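Asks: Mind having a look at this structure? Questions to follow.
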Amino acid sequence: MAFVNLKEKEIQVKIVYYGPGRGGKTSNLEYIHRKFANRINTEMVTVKTHGDRTLFFDFLPFDIGVINNFNVKIQLYTVPGQIKYNATRKLVLRGVDGIVFVADAMVLRREKNILSLKNLQENLSEYEKSIFKIPLVMQYNKIDLKEQGIPLLPMATLERDLNSKLKKTSFASSAVLGTNVIETLKRIISLTVTSIKKDLK
Amino acid sequence: MVEPNDADNLTPELEGRLDDLFDEHNASLPDNGDRDGSKFYPLAELKNLILSIDWEITDEVLEKLLQQIQDLNMTYGHDKTVLSFLQILDALGGYIKKNRAKAHPKTFKTLNSVFASLDKVVLSKDMAETEKKKILSTEMNQYNELRIQIAQSKAEKKKNKLKSQEPEITAPESFFQTPNAAKGDFPNTEQGLVPSTEALAKAVEEIKQYIHAEIEALKTEIKSLL
(Lines give C-alpha, C1' and ligand atoms only; values in the text may rest on other atoms or scores of the structure.)
Protein backbone atom coordinates (compact mmCIF):
# COMPACT_ATOMS: atom_id res chain seq x y z
CA MET A 1 0.00 0.00 0.00
CA ALA A 2 1.31 3.43 -0.94
CA PHE A 3 2.43 5.81 1.75
CA VAL A 4 -0.46 8.26 2.19
CA ASN A 5 -0.15 11.36 4.35
CA LEU A 6 -3.70 12.59 4.79
CA LYS A 7 -2.62 15.61 6.84
CA GLU A 8 -0.15 16.80 4.21
CA LYS A 9 -2.38 15.51 1.40
CA GLU A 10 0.52 13.61 -0.09
CA ILE A 11 0.77 10.17 -1.71
CA GLN A 12 4.05 8.37 -2.35
CA VAL A 13 3.80 5.79 -5.12
CA LYS A 14 6.47 3.11 -5.40
CA ILE A 15 6.98 1.60 -8.85
CA VAL A 16 9.55 -1.15 -9.37
CA TYR A 17 11.12 -2.11 -12.69
CA TYR A 18 11.61 -5.88 -12.49
CA GLY A 19 13.08 -8.42 -14.90
CA PRO A 20 16.08 -10.55 -15.85
CA GLY A 21 19.63 -9.23 -15.65
CA ARG A 22 20.80 -7.02 -18.52
CA GLY A 23 17.20 -6.66 -19.73
CA GLY A 24 17.22 -2.83 -19.72
CA LYS A 25 15.63 -1.82 -16.41
CA THR A 26 18.33 0.72 -15.61
CA SER A 27 18.28 1.93 -19.22
CA ASN A 28 14.57 2.77 -18.81
CA LEU A 29 15.27 4.97 -15.79
CA GLU A 30 18.32 6.51 -17.41
CA TYR A 31 16.30 7.50 -20.46
CA ILE A 32 13.55 9.05 -18.32
CA HIS A 33 16.11 10.89 -16.26
CA ARG A 34 18.04 12.24 -19.24
CA LYS A 35 15.04 13.15 -21.32
CA PHE A 36 13.09 14.92 -18.58
CA ALA A 37 15.92 16.09 -16.36
CA ASN A 38 14.71 19.70 -16.57
CA ARG A 39 11.12 18.85 -15.66
CA ILE A 40 11.46 16.26 -12.94
CA ASN A 41 14.41 18.13 -11.46
CA THR A 42 15.73 15.30 -9.26
CA GLU A 43 18.83 13.17 -9.19
CA MET A 44 18.92 9.53 -10.06
CA VAL A 45 20.68 7.44 -7.45
CA THR A 46 22.45 4.36 -8.72
CA VAL A 47 24.93 1.89 -7.32
CA LYS A 48 26.87 -0.16 -9.82
CA THR A 49 29.68 -2.71 -9.86
CA HIS A 50 32.87 -2.13 -11.86
CA GLY A 51 31.29 -4.10 -14.68
CA ASP A 52 28.43 -1.59 -14.96
CA ARG A 53 25.83 -3.97 -13.50
CA THR A 54 23.22 -2.82 -10.98
CA LEU A 55 24.54 -4.02 -7.64
CA PHE A 56 21.80 -2.78 -5.33
CA PHE A 57 19.18 -0.67 -7.05
CA ASP A 58 18.52 2.51 -8.98
CA PHE A 59 16.21 5.11 -7.55
CA LEU A 60 14.53 7.98 -9.38
CA PRO A 61 12.01 10.10 -7.41
CA PHE A 62 9.89 12.89 -8.92
CA ASP A 63 6.61 14.76 -8.34
CA ILE A 64 3.76 14.77 -10.80
CA GLY A 65 1.92 17.53 -8.97
CA VAL A 66 -1.54 17.70 -7.45
CA ILE A 67 -4.09 15.12 -8.61
CA ASN A 68 -7.52 15.05 -6.95
CA ASN A 69 -6.22 17.36 -4.20
CA PHE A 70 -3.28 15.05 -3.41
CA ASN A 71 0.32 15.84 -4.18
CA VAL A 72 1.52 12.68 -5.95
CA LYS A 73 5.18 11.71 -5.56
CA ILE A 74 6.48 8.91 -7.75
CA GLN A 75 9.46 6.75 -6.78
CA LEU A 76 10.92 4.55 -9.51
CA TYR A 77 13.18 1.68 -8.48
CA THR A 78 14.99 -1.06 -10.36
CA VAL A 79 16.12 -4.36 -8.90
CA PRO A 80 19.36 -6.20 -9.70
CA GLY A 81 18.39 -8.86 -12.23
CA GLN A 82 21.08 -11.45 -11.51
CA ILE A 83 19.74 -14.58 -9.79
CA LYS A 84 22.09 -14.31 -6.79
CA TYR A 85 20.65 -10.97 -5.63
CA ASN A 86 17.20 -12.25 -4.64
CA ALA A 87 17.44 -10.87 -1.11
CA THR A 88 17.90 -7.37 -2.56
CA ARG A 89 14.99 -7.87 -4.93
CA LYS A 90 12.71 -8.87 -2.07
CA LEU A 91 13.79 -5.85 -0.10
CA VAL A 92 13.12 -3.47 -2.98
CA LEU A 93 9.67 -5.02 -3.50
CA ARG A 94 8.60 -4.14 0.05
CA GLY A 95 5.71 -1.69 -0.20
CA VAL A 96 5.61 -1.81 -4.01
CA ASP A 97 2.49 -0.30 -5.63
CA GLY A 98 3.13 -0.98 -9.31
CA ILE A 99 5.51 -3.04 -11.44
CA VAL A 100 7.01 -2.75 -14.89
CA PHE A 101 8.26 -6.15 -15.98
CA VAL A 102 11.10 -5.55 -18.43
CA ALA A 103 11.54 -8.70 -20.50
CA ASP A 104 14.47 -9.19 -22.85
CA ALA A 105 13.24 -9.88 -26.36
CA MET A 106 16.43 -11.70 -27.42
CA VAL A 107 15.87 -15.38 -28.28
CA LEU A 108 18.56 -16.58 -25.94
CA ARG A 109 16.93 -14.83 -22.97
CA ARG A 110 13.59 -16.60 -23.29
CA GLU A 111 14.06 -18.89 -20.32
CA LYS A 112 15.50 -16.12 -18.14
CA ASN A 113 12.38 -14.00 -18.72
CA ILE A 114 10.11 -16.80 -17.57
CA LEU A 115 12.26 -17.57 -14.53
CA SER A 116 12.33 -13.90 -13.57
CA LEU A 117 8.55 -13.59 -13.84
CA LYS A 118 8.12 -16.68 -11.64
CA ASN A 119 10.59 -15.17 -9.20
CA LEU A 120 8.53 -11.96 -9.14
CA GLN A 121 5.38 -13.95 -8.35
CA GLU A 122 7.15 -15.79 -5.50
CA ASN A 123 8.64 -12.65 -4.03
CA LEU A 124 5.32 -10.79 -4.20
CA SER A 125 3.55 -13.66 -2.48
CA GLU A 126 5.89 -13.21 0.48
CA TYR A 127 4.32 -9.77 0.91
CA GLU A 128 0.87 -11.35 0.37
CA LYS A 129 0.50 -9.64 -2.97
CA SER A 130 -0.78 -11.28 -6.13
CA ILE A 131 0.94 -10.79 -9.46
CA PHE A 132 -2.53 -10.96 -11.03
CA LYS A 133 -3.93 -8.11 -8.94
CA ILE A 134 -1.03 -5.68 -8.62
CA PRO A 135 -0.84 -2.95 -11.32
CA LEU A 136 1.69 -4.30 -13.82
CA VAL A 137 2.84 -3.35 -17.30
CA MET A 138 4.80 -5.72 -19.54
CA GLN A 139 7.62 -4.29 -21.57
CA TYR A 140 9.35 -6.36 -24.27
CA ASN A 141 12.66 -4.59 -24.59
CA LYS A 142 15.51 -4.44 -27.13
CA ILE A 143 13.42 -4.41 -30.31
CA ASP A 144 16.14 -2.21 -31.83
CA LEU A 145 18.47 -5.23 -31.98
CA LYS A 146 16.57 -6.61 -34.92
CA GLU A 147 18.36 -4.09 -37.12
CA GLN A 148 21.67 -5.58 -36.03
CA GLY A 149 20.55 -9.02 -37.16
CA ILE A 150 20.24 -10.36 -33.61
CA PRO A 151 17.47 -12.97 -33.35
CA LEU A 152 14.48 -11.71 -31.35
CA LEU A 153 11.44 -13.52 -30.04
CA PRO A 154 8.23 -12.68 -31.92
CA MET A 155 5.82 -10.55 -29.87
CA ALA A 156 3.28 -13.40 -30.01
CA THR A 157 5.79 -15.72 -28.34
CA LEU A 158 6.60 -13.19 -25.63
CA GLU A 159 2.88 -12.64 -25.02
CA ARG A 160 2.26 -16.38 -24.84
CA ASP A 161 5.25 -17.00 -22.54
CA LEU A 162 4.71 -14.13 -20.15
CA ASN A 163 1.32 -12.55 -20.55
CA SER A 164 -1.16 -15.26 -21.55
CA LYS A 165 -2.47 -15.62 -18.00
CA LEU A 166 -1.75 -12.13 -16.67
CA LYS A 167 -3.31 -10.28 -19.61
CA LYS A 168 -1.60 -7.00 -18.71
CA THR A 169 -0.92 -4.03 -20.97
CA SER A 170 2.27 -4.65 -22.93
CA PHE A 171 4.68 -2.59 -25.01
CA ALA A 172 7.46 -3.51 -27.43
CA SER A 173 10.26 -1.13 -26.55
CA SER A 174 13.82 -0.01 -26.92
CA ALA A 175 15.08 1.49 -23.68
CA VAL A 176 18.30 2.74 -25.27
CA LEU A 177 16.41 4.57 -28.03
CA GLY A 178 13.49 5.56 -25.81
CA THR A 179 10.86 3.73 -27.86
CA ASN A 180 7.77 3.24 -25.67
CA VAL A 181 9.72 4.01 -22.50
CA ILE A 182 7.50 6.98 -21.68
CA GLU A 183 4.32 5.16 -22.77
CA THR A 184 5.22 2.38 -20.34
CA LEU A 185 5.87 4.89 -17.56
CA LYS A 186 2.67 6.83 -18.14
CA ARG A 187 0.66 3.62 -18.23
CA ILE A 188 2.07 2.21 -15.00
CA ILE A 189 1.63 5.53 -13.15
CA SER A 190 -1.98 5.75 -14.32
CA LEU A 191 -2.78 2.16 -13.36
CA THR A 192 -1.08 2.48 -9.99
CA VAL A 193 -2.57 5.83 -9.00
CA THR A 194 -6.04 4.61 -10.07
CA SER A 195 -5.56 1.43 -8.02
CA ILE A 196 -4.48 3.41 -4.94
CA LYS A 197 -7.45 5.71 -5.37
CA LYS A 198 -9.77 2.67 -5.43
CA ASP A 199 -8.16 1.27 -2.28
CA LEU A 200 -8.58 4.60 -0.50
CA LYS A 201 -12.32 4.69 -1.15
CA MET B 1 0.79 -1.84 -27.72
CA VAL B 2 -1.37 -4.73 -26.59
CA GLU B 3 -4.34 -3.60 -24.50
CA PRO B 4 -6.05 -5.96 -22.08
CA ASN B 5 -9.83 -6.01 -22.18
CA ASP B 6 -10.19 -5.10 -18.52
CA ALA B 7 -7.88 -2.10 -18.48
CA ASP B 8 -8.68 0.46 -15.84
CA ASN B 9 -10.25 3.71 -16.88
CA LEU B 10 -7.94 6.56 -16.07
CA THR B 11 -9.03 9.85 -14.71
CA PRO B 12 -8.73 12.59 -17.32
CA GLU B 13 -6.93 14.78 -14.79
CA LEU B 14 -4.17 12.23 -14.27
CA GLU B 15 -3.86 11.48 -17.97
CA GLY B 16 -3.62 15.16 -18.78
CA ARG B 17 -0.96 15.74 -16.14
CA LEU B 18 1.15 12.84 -17.37
CA ASP B 19 0.82 13.99 -20.98
CA ASP B 20 2.02 17.46 -20.01
CA LEU B 21 4.88 16.21 -17.88
CA PHE B 22 6.10 13.58 -20.29
CA ASP B 23 5.55 15.30 -23.61
CA GLU B 24 8.45 13.85 -25.55
CA HIS B 25 8.17 16.23 -28.48
CA ASN B 26 8.98 19.26 -26.39
CA ALA B 27 11.49 17.59 -24.12
CA SER B 28 15.23 17.95 -24.49
CA LEU B 29 16.77 15.15 -26.50
CA PRO B 30 18.80 12.62 -24.58
CA ASP B 31 22.56 12.92 -24.69
CA ASN B 32 24.17 11.56 -27.76
CA GLY B 33 26.77 10.16 -25.44
CA ASP B 34 26.97 6.46 -24.93
CA ARG B 35 23.39 5.33 -24.99
CA ASP B 36 22.03 5.72 -28.47
CA GLY B 37 21.02 2.61 -30.31
CA SER B 38 24.11 2.41 -32.46
CA LYS B 39 26.19 2.22 -29.29
CA PHE B 40 24.34 -0.76 -27.82
CA TYR B 41 27.09 -3.04 -26.72
CA PRO B 42 26.37 -6.74 -27.22
CA LEU B 43 29.90 -7.69 -26.12
CA ALA B 44 29.68 -5.97 -22.73
CA GLU B 45 29.53 -9.21 -20.73
CA LEU B 46 32.36 -10.79 -22.74
CA LYS B 47 34.50 -7.71 -22.17
CA ASN B 48 33.83 -7.83 -18.41
CA LEU B 49 34.89 -11.47 -18.30
CA ILE B 50 38.07 -10.94 -20.33
CA LEU B 51 39.01 -8.04 -18.05
CA SER B 52 38.27 -10.28 -15.06
CA ILE B 53 40.70 -12.91 -16.37
CA ASP B 54 43.37 -10.23 -16.57
CA TRP B 55 42.74 -9.58 -12.90
CA GLU B 56 42.31 -13.10 -11.56
CA ILE B 57 41.87 -16.52 -13.16
CA THR B 58 39.07 -18.39 -11.40
CA ASP B 59 36.94 -21.37 -12.44
CA GLU B 60 33.80 -19.23 -12.14
CA VAL B 61 35.08 -16.55 -14.51
CA LEU B 62 36.39 -19.11 -17.02
CA GLU B 63 33.12 -21.04 -17.03
CA LYS B 64 31.17 -17.82 -17.51
CA LEU B 65 33.51 -16.83 -20.34
CA LEU B 66 32.97 -20.10 -22.19
CA GLN B 67 29.21 -19.87 -21.58
CA GLN B 68 29.14 -16.29 -22.84
CA ILE B 69 31.01 -17.34 -25.99
CA GLN B 70 28.36 -20.04 -26.55
CA ASP B 71 25.59 -17.45 -26.12
CA LEU B 72 27.28 -15.15 -28.62
CA ASN B 73 27.66 -18.08 -31.03
CA MET B 74 23.86 -18.25 -31.05
CA THR B 75 23.49 -14.49 -31.38
CA TYR B 76 25.95 -14.23 -34.28
CA GLY B 77 25.14 -17.56 -35.91
CA HIS B 78 24.62 -15.72 -39.20
CA ASP B 79 28.03 -14.00 -39.21
CA LYS B 80 30.91 -16.30 -40.17
CA THR B 81 33.63 -13.73 -39.39
CA VAL B 82 32.34 -13.09 -35.87
CA LEU B 83 31.95 -16.84 -35.36
CA SER B 84 35.62 -17.35 -36.30
CA PHE B 85 36.68 -14.74 -33.74
CA LEU B 86 34.53 -16.48 -31.14
CA GLN B 87 36.09 -19.82 -32.08
CA ILE B 88 39.58 -18.44 -31.37
CA LEU B 89 38.40 -16.96 -28.06
CA ASP B 90 36.82 -20.28 -27.16
CA ALA B 91 40.07 -22.15 -27.89
CA LEU B 92 42.10 -19.65 -25.86
CA GLY B 93 39.58 -19.80 -22.99
CA GLY B 94 39.73 -23.60 -23.00
CA TYR B 95 43.53 -23.55 -22.97
CA ILE B 96 43.62 -21.07 -20.06
CA LYS B 97 41.07 -23.16 -18.15
CA LYS B 98 43.30 -26.23 -18.55
CA ASN B 99 46.60 -24.56 -17.78
CA ARG B 100 45.57 -21.64 -15.57
CA ALA B 101 48.60 -19.59 -14.45
CA LYS B 102 50.95 -21.96 -16.29
CA ALA B 103 49.46 -20.93 -19.63
CA HIS B 104 51.94 -19.42 -22.06
CA PRO B 105 52.41 -15.73 -21.09
CA LYS B 106 51.53 -14.61 -24.61
CA THR B 107 48.07 -16.24 -24.30
CA PHE B 108 46.59 -13.34 -22.34
CA LYS B 109 47.99 -10.77 -24.76
CA THR B 110 46.51 -12.75 -27.67
CA LEU B 111 43.14 -13.09 -25.87
CA ASN B 112 42.94 -9.31 -25.38
CA SER B 113 44.05 -8.65 -28.94
CA VAL B 114 41.46 -11.04 -30.44
CA PHE B 115 38.73 -9.48 -28.31
CA ALA B 116 39.78 -5.94 -29.32
CA SER B 117 39.55 -6.92 -33.00
CA LEU B 118 36.18 -8.64 -32.50
CA ASP B 119 34.95 -5.51 -30.75
CA LYS B 120 36.09 -3.40 -33.70
CA VAL B 121 34.37 -5.67 -36.22
CA VAL B 122 31.09 -5.83 -34.28
CA LEU B 123 30.89 -2.12 -33.57
CA SER B 124 31.90 -0.90 -37.03
CA LYS B 125 28.65 -1.37 -38.89
CA ASP B 126 29.97 0.10 -42.11
CA MET B 127 33.17 -1.93 -42.24
CA ALA B 128 33.62 -3.80 -45.51
CA GLU B 129 33.66 -7.58 -45.38
CA THR B 130 37.18 -7.67 -46.86
CA GLU B 131 38.44 -5.41 -44.06
CA LYS B 132 36.81 -7.66 -41.45
CA LYS B 133 38.46 -10.71 -43.00
CA LYS B 134 41.82 -8.93 -43.03
CA ILE B 135 41.54 -8.23 -39.29
CA LEU B 136 40.47 -11.81 -38.67
CA SER B 137 43.41 -13.10 -40.70
CA THR B 138 45.86 -11.05 -38.61
CA GLU B 139 44.40 -12.47 -35.40
CA MET B 140 44.36 -15.96 -36.85
CA ASN B 141 48.08 -15.65 -37.66
CA GLN B 142 48.83 -14.46 -34.12
CA TYR B 143 46.85 -17.34 -32.73
CA ASN B 144 48.69 -19.86 -34.92
CA GLU B 145 52.04 -18.34 -33.89
CA LEU B 146 51.02 -18.77 -30.28
CA ARG B 147 50.11 -22.40 -30.92
CA ILE B 148 53.55 -23.02 -32.45
CA GLN B 149 55.24 -21.31 -29.50
CA ILE B 150 53.24 -23.39 -27.03
CA ALA B 151 54.17 -26.57 -28.90
CA GLN B 152 57.86 -25.56 -28.99
CA SER B 153 57.82 -24.67 -25.33
CA LYS B 154 56.27 -28.05 -24.50
CA ALA B 155 58.87 -29.89 -26.58
CA GLU B 156 61.68 -27.98 -24.91
CA LYS B 157 60.36 -28.71 -21.45
CA LYS B 158 60.11 -32.39 -22.32
CA LYS B 159 63.66 -32.39 -23.64
CA ASN B 160 64.98 -30.66 -20.52
CA LYS B 161 63.12 -33.10 -18.34
CA LEU B 162 64.65 -36.06 -20.13
CA LYS B 163 68.06 -34.46 -19.93
CA SER B 164 67.78 -33.86 -16.21
CA GLN B 165 66.74 -37.49 -15.71
CA GLU B 166 69.86 -38.87 -17.45
CA PRO B 167 72.85 -39.28 -15.08
CA GLU B 168 76.00 -37.51 -16.16
CA ILE B 169 78.91 -39.87 -16.45
CA THR B 170 81.56 -38.06 -14.48
CA ALA B 171 83.22 -40.93 -12.66
CA PRO B 172 86.41 -42.35 -14.20
CA GLU B 173 85.86 -45.21 -16.56
CA SER B 174 88.04 -47.48 -14.48
CA PHE B 175 85.54 -47.14 -11.64
CA PHE B 176 82.94 -49.02 -13.63
CA GLN B 177 85.32 -51.91 -14.40
CA THR B 178 84.41 -54.02 -11.36
CA PRO B 179 86.50 -57.10 -10.84
CA ASN B 180 84.78 -60.45 -10.97
CA ALA B 181 85.26 -61.37 -7.31
CA ALA B 182 83.15 -64.49 -7.52
CA LYS B 183 85.63 -66.09 -9.79
CA GLY B 184 88.58 -64.87 -7.70
CA ASP B 185 89.77 -63.22 -10.82
CA PHE B 186 91.38 -60.15 -9.24
CA PRO B 187 93.58 -58.40 -11.70
CA ASN B 188 97.08 -57.54 -10.71
CA THR B 189 97.53 -54.09 -9.16
CA GLU B 190 100.60 -53.69 -11.12
CA GLN B 191 98.63 -54.10 -14.31
CA GLY B 192 96.79 -50.97 -13.24
CA LEU B 193 93.31 -52.58 -13.47
CA VAL B 194 92.52 -52.39 -9.73
CA PRO B 195 92.16 -48.75 -8.72
CA SER B 196 94.77 -47.36 -6.41
CA THR B 197 93.78 -45.62 -3.13
CA GLU B 198 94.45 -42.26 -4.75
CA ALA B 199 92.25 -43.02 -7.75
CA LEU B 200 89.52 -44.33 -5.47
CA ALA B 201 89.56 -41.11 -3.38
CA LYS B 202 89.34 -39.07 -6.60
CA ALA B 203 86.41 -41.19 -7.76
CA VAL B 204 84.57 -40.77 -4.45
CA GLU B 205 85.07 -37.01 -4.71
CA GLU B 206 83.67 -37.05 -8.24
CA ILE B 207 80.67 -39.11 -7.09
CA LYS B 208 80.02 -36.55 -4.35
CA GLN B 209 80.06 -33.76 -6.92
CA TYR B 210 77.77 -35.77 -9.19
CA ILE B 211 75.23 -36.40 -6.38
CA HIS B 212 75.36 -32.70 -5.40
CA ALA B 213 74.70 -31.65 -9.01
CA GLU B 214 71.80 -34.12 -9.22
CA ILE B 215 70.24 -32.75 -6.02
CA GLU B 216 70.50 -29.18 -7.33
CA ALA B 217 68.86 -30.21 -10.62
CA LEU B 218 66.05 -31.94 -8.76
CA LYS B 219 65.52 -28.85 -6.57
CA THR B 220 65.20 -26.66 -9.66
CA GLU B 221 62.72 -29.07 -11.22
CA ILE B 222 60.61 -29.22 -8.05
CA LYS B 223 60.57 -25.40 -7.91
CA SER B 224 59.40 -25.19 -11.51
CA LEU B 225 56.56 -27.60 -10.76
CA LEU B 226 55.24 -25.55 -7.80
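The values are calculated or read from the model by the stated rules, or taken from the named source; none is laboratory data. All values derive from a computational prediction rather than experimental measurement. Cβ sites come from the backbone with ideal geometry, for glycine too, and all protein chains shown count toward neighbours. Keep in mind that these areas ignore ligands, DNA and RNA; they rest on the heavy atoms of the full protein, side chains included. Shrake-Rupley method; radii C 1.70, N 1.55, O 1.52, S 1.80 Å.
Asks: Calculate the mean, over all residues of peptide B:17-25, of how many other protein chain Cβ atoms lie within 10 angstrom of the residue's Cβ.
Replies: 6
Asks: What distance in nm separates the two pseudo spin-label positions at B:LEU83 and A:ASN69, each 7 Å out from Cα along the beta-carbon direction?
Replies: Each label point is offset 7 Å from its Cα along the Cβ direction, giving 6.8 nm.
Asks: Explain nothing, just the number: dipole magnitude of the range A:3-200 about its Cα centre with +1 on each Lys and Arg Cβ and -1 on each Asp and Glu Cβ, in debye rounded to the nearest 20.
Replies: So the magnitude is around 260 debye.
Asks: Under 5 Å between amide H atoms, partner at least 5 residues away or on a different chain: which partners does A:THR169 have, H built in plane at 1.01 Å?
Replies: Under 5 Å from the amide H of A:THR169: A:MET138.
Asks: Taking the Cα atoms only, what angle lies between the long axis of helix A:181-200 and the longest principal axis of chain A, rounded to 10 degrees?
Replies: The helix A:181-200 is inclined about 40 degrees to chain A.
Asks: Give the carbon-plus-sulfur fraction of the accessible surface of the range A:3-200 in %, rounded to a whole number; probe 1.4 Å, heavy atoms of protein chains only.
Replies: Carbon and sulfur together cover 53 percent of it.
Asks: Right, here's the next one. R0 = 45 Å: FRET efficiency of B:ARG147 with B:ALA44, Cβ-based, nearest 0.05?
Replies: My answer for the efficiency is 0.95.
Asks: Tell me the per residue accessible area of the range A:89-176 using a 1.4 Å probe; a whole number in Å² is fine.
Replies: 43 Å²
Asks: Report the local net charge at A:ILE131: Lys and Arg +1, Asp and Glu -1, summed over other residues whose C-beta lies under 10 Å from its C-beta.
Replies: +4
Asks: Within 10 Å, count the other beta carbons around each residue, average over each peptide in B:212-223, A:31-42, B:107-118, and list them highest first.
Replies: Peptide ranking by packing, descending: B:107-118, A:31-42, B:212-223.
Asks: Return the FRET efficiency for the residue pair B:ILE215, B:GLU129: r is the Cβ-Cβ distance, R0 is 45 Å, and the value is rounded to the nearest 0.05.
Replies: So the FRET efficiency works out to roughly 0.15.
Asks: What does the average come to when, for each residue of peptide A:190-198, you count the partner chain Cβ atoms lying within 10 Å of its Cβ?
Replies: Counting Cβ atoms of other protein chains within 10 Å of each residue's Cβ and averaging gives 3.
Asks: Note down the net charge around B:LYS98, summing +1 for each Lys or Arg and -1 for each Asp or Glu among other residues with Cβ under 15 Å from its Cβ.
Replies: Around B:LYS98, the surrounding residues sum to +2.
Asks: To the nearest whole number, what is the average tally of beta carbon atoms from other chains within 10 Å of the beta carbons of peptide A:148-160?
Replies: 2
Asks: Just from its helices, what would the mean residue ellipticity at 222 nm be for chain A, if runs of 4 or more DSSP H residues each count -39500 (n - 2.57) and the sum is divided by every residue, rounded to the nearest 500 deg cm²/dmol?
Replies: -9500 deg cm²/dmol
Asks: Can you give me the long-range amide H partners of A:PHE57? Hydrogens built in the peptide plane at 1.01 Å from N, cutoff under 5 Å, separation of 5 or more residues or another chain.
Replies: Under 5 Å from the amide H of A:PHE57 lie the amide H atoms of A:VAL47, each far enough along the sequence or on another chain.
Asks: Over the C-alpha atoms of the range A:82-201, what are the Rg and the largest Cα-to-Cα span, Dmax, in Å?
Replies: Gyration radius and largest Cα-Cα distance of the range A:82-201: 14.7, 51 Å.
Asks: Measure nothing fancy, just the Cα-based angle from helix A:25-35's long axis to the longest principal axis of chain A, in degrees from 0 to 90, nearest 10.
Replies: Approximately 60 degrees, to the nearest 10.
Asks: State the antiparallel share, in %, of DSSP beta bridges confined to the range A:90-201, rounding to the nearest 5.
Replies: If I count the DSSP bridges inside the range A:90-201, around 15 percent turn out antiparallel.
Asks: Show me you know the interface measure: the accessible area buried between B and A, both chains summed, probe 1.4 Å, in Å² to the nearest 100.
Replies: Between B and A, the summed buried area is about 4100 Å².
Asks: Using +1 at the Cβ of each Lys and Arg and -1 at the Cβ of each Asp and Glu in chain A, identify which of A:TYR140, A:SER173, A:SER195 lies farthest towards the dipole's positive end.
Replies: Farthest along the dipole direction, towards plus: A:SER195.
Asks: Residues with amide H under 5 Å of A:TYR18's amide H, sequence separation 5 or more or different chain, H placed in the peptide plane at 1.01 Å from N; which?
Replies: When sequence neighbours closer than 5 places are left aside, the close amide H contacts are A:VAL100, A:PHE101, A:VAL102.
Asks: Right, something else. Counting DSSP beta bridges with both partners in the range A:1-155, what percentage is antiparallel, nearest 5?
Replies: Within the range A:1-155, antiparallel bridges account for around 45 percent of the total.
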